[in-house]
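Input: a single structure, listed below in structure tokens.
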Amino acid sequence: MTRHSQRLFSLGAMALAITGFAGEPSTMSVQVKTGQLRAAPSFLGQLVGPVSYGERLQILEHQGDWSKVAAPGGQTGWVHNSALTKKKIVMKAGDPDAQTAASGDELALAGKGFNSEVEADFKAKNQAVDFAWVDRMETLRVAPESMQRFLAEGGIHPLEGGK
């Protein structure tokens with residue numbers, strides 16, 4: 001390789017590294033049953049669409065506790081980092097090769113290391129805790145349209161980064 005070729009090669013490699021095109025794009029898996037793809041990096045940002053447990057998302061950029069991602073269907077948006085993991089989740093609820101009687105909720109919790117033994121141990125150590133309200137809160141659902149209307153009517157605008 002000539003000295004001129006070496007310089008061109010080095011410049012090309014630096015350009016790739018600077019622009020972020022060197023190597024494979026970063027991907028992460030959704031580790032919650034249903035994650036929310038949002039238009040802004042905020043829990044108050046408009047809902048773009050759902051992402052499901054085990055889906056692999058391409059990471060486009062990071063901002064605080066949020067990642068801008070590209071979903072398999074081509075949609076882009078922001079997902080809170082707590083809904084993501086670097087681990088590749090192999091089994092997805094609903095896949096034909098997932099021969100299990102576990103629900104999507106159970107699979108998502110198991111992916112985080114939570115199981116019936118962990119739950120029993122926690123309840124044994126915290127007998128004074130009343131879980132009735134936690135169970136009730138888990139059943140509450142607010143339609144994204146209702147939330148957006150509430151925010152608009154109240155003049156509430158998400159701050160950058162959801163804080």
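One residue stands out among those in region 31-50 that are among the hydrophobic types (A, V, I, L, M, F, W, C) and under 13 Å from residue 81 (Cα atoms): the one that is surrounded by the fewest Cβ atoms within 10 Å (Cβ to Cβ), which is 43. Scanning region 59-85 for residues that are closer than 12 Å to residue 30 by Cβ and not β-branched (Val, Ile, Thr) turns up 67, 71, 72, 80, 81, 82, 83, 84. Across region 13-51, the qualifying residues are those that are of a type in the set (Gly, Ala, Ser) and at pLDDT 50 or above, and the one among them that is nearest to residue 74 (Cα to Cα) is 49. The set of residues in region 105-160 being under 18 Å from residue 33 (Cβ atoms), modelled with pLDDT of 85 or more and part of a loop (DSSP other than H, G, I, E, B) consists of 140, 141, 142, 143.
Any residue at all in region 89-104 that's at pLDDT 65 or above and out of contact with any strand residue (DSSP E or B) (no Cβ under 6 Å at 6 or more places or on another chain)? Outline the logic, then answer.
As a first pass, look at region 89-104 and keep what is at pLDDT 65 or above: 89-90.
Next, from what is left, pick out any that are out of contact with any strand residue (DSSP E or B) (no Cβ under 6 Å at 6 or more places or on another chain): 90.
Yes, region 89-104 contains at least one residue that is at pLDDT 65 or above and out of contact with any strand residue (DSSP E or B) (no Cβ under 6 Å at 6 or more places or on another chain).
Here's the yes/no breakdown for (1) over 9 Å from the mean Cα position of the chain (by Cα); (2) touching a residue at least 40 places away in the same chain (Cβ under 8 Å); (3) assigned to a strand (DSSP E or B):
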| position | (1), (2), (3) |
| --- | --- |
| 28 | no, yes, yes |
| 32 | no, yes, no |
| 35 | no, yes, yes |
| 43 | yes, yes, no |
| 51 | no, no, yes |
| 60 | yes, no, yes |
| 68 | yes, no, yes |
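The values are calculated or read from the model by the stated rules, or taken from the named source; none is laboratory data. Being a predicted model, the structure only gives us computed values, none of them experimental. Neighbour counts run over all protein chains shown; Cβ positions are idealised from the backbone, glycine included.
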